[in-house]
Amino acid sequence: MGITERDFWEMTIAEVNRAIASRKRVLKVEAQEKASYDYILADSIGRSIARIYSSSSTLPDIGTVYPTLFDSKELEEKRAAKKAELSALRFKQFADSYNRRFKEGKKINE
């Protein structure tokens, strides 16, 4: 129960009982945490399999799945950086497409 032999023999019966009760509470909380993570994992696996059958199914990001493990500020910064990168890429593709059409239009008129 996490008590050394020396501490055990120096404790009263009430202290031993409190230590055992405390350890049981800690083990219960750890078991509940593990069960929660297992449940979330099973849900994520199910969603991943659903993506095979339906293109509208998506996996939530890791911050949504495990909100207590990740700093929401850090995740928001990463999302914003990804969004900015995607926006820049889309703009570049648009500009390239426009420039290509513009050049082709000039060649036709020349």
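Residue by residue through the stretch 27-37, note down the ones that are at pLDDT below 90, open to solvent by less than 90 Å² (accessible area, probe 1.4 Å) and of a type outside the set (S, T, N, Q).
Answer for the stretch 27-37, where residues must be at pLDDT below 90, open to solvent by less than 90 Å² (accessible area, probe 1.4 Å) and of a type outside the set (S, T, N, Q): just Tyr37.
Mind checking whether some residue in the stretch 75-91 is free of Cβ contacts under 8 Å to residues at least 60 places away in the same chain and surrounded by fewer than 10 Cβ atoms within 10 Å (Cβ to Cβ)?
There is no residue in the stretch 75-91 that is free of Cβ contacts under 8 Å to residues at least 60 places away in the same chain and surrounded by fewer than 10 Cβ atoms within 10 Å (Cβ to Cβ).
The values are calculated or read from the model by the stated rules, or taken from the named source; none is laboratory data. Quantities reported herein were computed from a predicted structural model and do not represent experimental measurements. When we count neighbours, we look across all protein chains shown, and the Cβ atoms used for this are built from the backbone with ideal geometry, even at glycine. Only protein heavy atoms, including side chains, enter the accessible area calculation; ligands, DNA and RNA are left aside. Shrake-Rupley method; radii C 1.70, N 1.55, O 1.52, S 1.80 Å.
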